[in-house]
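Below is one structure, written out as structure tokens; comments come after it.
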Amino acid sequence: MESAQRRFDSGDLPALRRIVCEQGPLSRPDGSVSWMQGDTSVLAGVYGPTEVKVSKEIYDKATLEVLLRPKVGLPGVYEKSREQMIKKTCEAVILGNLHPRSSITVVLQVITDAGSLLSSCLNATCMGLVDAGLPMSSLFCGVTCALDADGNILLDPTMKQEKDAPAVLTFAIDSIEKKILLSNLKGACSEEQLQQCIATAQRAAETIFRFYRDAACRKYSKW
Amino acid sequence: MTATVAAAFRTVEPLEYYRRFLKENCRPDGRDLGEFRTTTINIGSITTADGSALVKLGNTTVICGIKAEFAAPTVDSSNKGYIIPNVDLPPLCSSRFRPGPPGEEAQAASQFIADVIENSQVVMKEDLCIIDGKIVWVLYCDIICLDYDGNLLDACMCAFLAALKNVLLPVVTINAETGLAEVNLKEKNPLTIKKQPVATSFVLFDTLVVVDPTAEEEDLASGTLTIVTDEEDKLCSVHKPGGSTVTEAKLQDCISRAKTRHKEVKKLMDKIIKSV
């Protein structure tokens, strides 16, 4: 099913799949993004800052909510745990104190899952927040690495590569210090492999941040 | 007099209160930053379950009961059984939980345990097969928190592993005439535990990492990090669900701490199992 996927040339690194990002495809949300990483596609809508339910109101910062909708069926425990991870990542970078007693909602709809879904969701979320113009202390991006049986690192794996890999690692990396915001491991790996993957992810993150910048520039530049 | 002033300071400026302690490399409860609370494990606490354990980590109390039942396997993996973990956070354990369907934290904890089972291959799913394509064992692992004082994941993992070691499955034979399964309750075998995953949780305060947080520390901290290692020092989970950033060097320190914790827990568990 998966098409022969063109990959981003990122120098000496194993390459990322091709990224396509459309900003503002939806009219109702304050920010929306359609993010494609290879064949994986996620649609993000961001609402906020808007009114908040009194029960969820926080007196000194904005209430953040992340909803992850799977391609088919209702969200389950798996989606809930992913939602929580994305939410906590956003909380670390959004300057919530600037919007006390208000709510920020991120809705993510999975359109196609062809591998590296969590990192695609993270990227879509970040671009969505940028598109909504919410103040943030830094940007973040998600990078997935798969370790194959020989211990080689594969960036941005496809679904098949993920299934065959003994370990799949996902990181969220911030744009200022390139530190780790989120880490998730599926499978088992050694310490050295973890450190290697972090280093690879940090370098791949630069490519993604450059893409963010280019995408934002294209949107706001006028002829 | 000073005690009341300190108590007032703690109420009004909890974060500042903690920072004063952290600056001196200690915590209000007297532990240093890398020290765990006293861990106690009790195995076989529930006689009606097929395996059970009660774990206390300071005040945090978690009980795990494992019930084995028959089930039909799925078509694509006909020789594999199931392990279904479920973490319950009843209103009994803390005022922060309301009655009703499981909340976000309980769901995230259940998913975490399920991920660790999958990642570490603690029990080979094939070992749970009774007859290929017909019947397999399903292990329902109910983990209930009785007292919530932080570091839920470590306590849950510990209780789960201890309960799993306590499981005795009866021998099942198939009656050739009737074709029905017959359970021989007199003859029971323990499970083969392939790996022993042990979790170690940290919280991040500014640039410091603090091990085994209490509920109060979890609330004040800016992020959490849980590392699961097995006896071969392989990482089975590096779970950092957002929160403030951490450097590679800090992560390395945490992994080293997790390894020593693994040895401590393993020693304790071996001692308890021998004594039973």
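Annotation: cysteines of chain B without a disulfide-compatible partner (Cβ-Cβ under 4.7 angstrom) are B:CYS26, B:CYS64, B:CYS129, B:CYS141, B:CYS156, B:CYS158, B:CYS236, B:CYS254.
Report the FRET efficiency, 1/(1 + (r/R0)^6), for A:ALA199 and A:ASN152, where r is their Cβ-Cβ distance and R0 is 22 Å, rounded to 0.05. Let's see the in-between values first.
Working: r = 14 Å, r/R0 = 0.64.
Given R0 = 22 Å and the Cβ-Cβ separation, E is 0.95.
Label-to-label distance, B:LYS274 versus A:SER27, with points set 7 angstrom from Cα along the beta-carbon direction: 7.5 nm.
Work out the length of the dipole vector of chain B about its Cα centre, built from +1 on the beta-carbon of each Lys and Arg and -1 on the beta-carbon of each Asp and Glu, and round it to the nearest 20 debye. Present the calculation step by step, with values, prior to reporting the outcome.
Values: 30 positive and 38 negative charges, 122 e Å.
With Lys and Arg at +1 and Asp and Glu at -1, about 580 debye.
Model label sites at B:ASP219 and A:LEU98, defined 7 Å from Cα along the beta-carbon direction, differ in position by 2.9 nm. Size descriptors for the stretch B:130-276: radius of gyration and Dmax over Cα atoms are 19.9, 69 Å. Ligands, DNA and RNA are left out, and with a 1.4 angstrom probe the accessible area of the protein assembly as shown is 47 Å² per residue.
When only C-alpha pairs under 8 Å and at least 6 residues apart count, what is the relative contact order of chain B, in percent?
That works out to 18 percent.
Rg over Rh for the protein assembly as shown works out to 0.98, both radii taken from alpha-carbon positions and Rh defined as the Kirkwood radius. Placing a pseudo-label 7 Å from each Cα along the Cα-to-Cβ vector at B:ILE174 and A:TYR59 gives an inter-label distance of 6.7 nm. Above 35 Å, the calculated P(r) of chain B contains 23 percent of its Cα-Cα pairs. With 0.36 nm allotted per residue and the present C-alpha distance subtracted, the B:GLU118-B:ASN59 stretch has 18.3 nm of extension available.
How large is the dipole of chain A about the Cα centre if only Lys and Arg carry +1 and Asp and Glu carry -1, each at its Cβ, rounded to the nearest 20 debye? Write out the running numbers ahead of the final one.
Numbers: 26 positive and 26 negative charges, 122 e Å.
So the dipole magnitude of chain A works out to roughly 580 debye.
An ellipsoid equivalent to the stretch B:48-123, defined through the eigenvalues of its Cα gyration tensor, has semi-axes of 27, 15, 13 Å when rounded to whole angstrom and sorted largest first.
Thinking of chain A as a set of Cα atoms, what percent of all their pairs are more than 23 Å apart?
Every Cα pair in chain A considered, those over 23 Å come to 45 percent.
Association of chains B and A removes close to 2600 square angstrom of accessible area from solvent, both sides included, for a probe radius of 1.4 Å.
Across chain B, the longest piece that holds none of the trypsin sites (Lys or Arg not before Pro) lying in DSSP loops with up to 13 other C-beta atoms within 10 Å covers B:97-193.
Net charge dipole, the protein assembly as shown: roughly 500 debye, given to the nearest 20, about the Cα centre with Cβ charges of +1 for Lys and Arg and -1 for Asp and Glu.
With a cut-off of 15 Å between beta carbons, the residues surrounding B:VAL172 carry a summed charge of -3, where Lys and Arg count +1 and Asp and Glu -1. Here A:ASP214 and B:LYS267 are evaluated by their C-beta separation; at R0 = 56 Å the FRET efficiency comes out at 0.55. Evaluated at q = 0.13, 0.16, 0.19 Å⁻¹, a Debye calculation over the C-alpha positions of the stretch A:29-107 (equal weights, vacuum) places log10 I(q)/I(0) at -0.44, -0.66, -0.89.
Largest GNM mean-square fluctuation among B:LEU161, B:LEU153, B:LEU15, using chain B with Cα springs under 10 Å: B:LEU15.
R0 = 22 Å: FRET efficiency of B:ARG31 with B:SER256, Cβ-based, nearest 0.05? Let's see the in-between values first.
Working: r = 18 Å, r/R0 = 0.83.
After rounding, the FRET efficiency stands at 0.75.
Expressed as a whole percent, the proportion of Cα-Cα pairs in the stretch B:197-276 lying more than 16 Å apart is 52%. As a ratio to 2.2 N^0.38 Å, the alpha-carbon radius of gyration for the stretch A:92-216 is 1.12.
Have a look at B:ASN79, B:PRO90, B:ILE135 and report the one farthest towards the positive end of the charge dipole of the stretch B:73-148, computed about the Cα centre with Cβ charges (Lys/Arg +1, Asp/Glu -1). With unit charges placed on the Cβ atoms, the residue in question is B:PRO90. From helices alone, the protein assembly as shown scores -10500 deg cm²/dmol at 222 nm; the rule is -39500 (n - 2.57) for each run of n ≥ 4 DSSP H residues, then divide by the residue total. Would you kindly state the longest site-free stretch of chain A, with sites defined as trypsin sites (Lys or Arg not before Pro) in a DSSP loop (not H, G, I, E, B) surrounded by at most 10 other Cβ atoms within 10 Å? Between exposed loop sites, the widest span is A:54-221.
The length gained by stretching the chain between B:TYR140 and B:ASP127 to full extension, at 0.36 nm per residue less their Cα-Cα distance, is 3.1 nm.
Averaged across the residues of B:103-109, what count of C-beta atoms belonging to other chains lies within 10 Å of each residue's C-beta? Numbers along the way, then the final one.
Working: counts 1, 5, 2, 2, 8, 7, 2.
Mean inter-chain Cβ contacts per residue within 10 Å come to 4.
The values are calculated or read from the model by the stated rules, or taken from the named source; none is laboratory data. Treat the numbers as computed from the prediction; the structure is a model and nothing was measured. Heads up, the Cβs are rebuilt from the backbone with ideal geometry, glycines too, and the neighbour counts pull from every protein chain shown. In case anyone asks, the SASA skips ligands and DNA or RNA and just uses the protein heavy atoms, side chains included. Shrake-Rupley method; radii C 1.70, N 1.55, O 1.52, S 1.80 Å.
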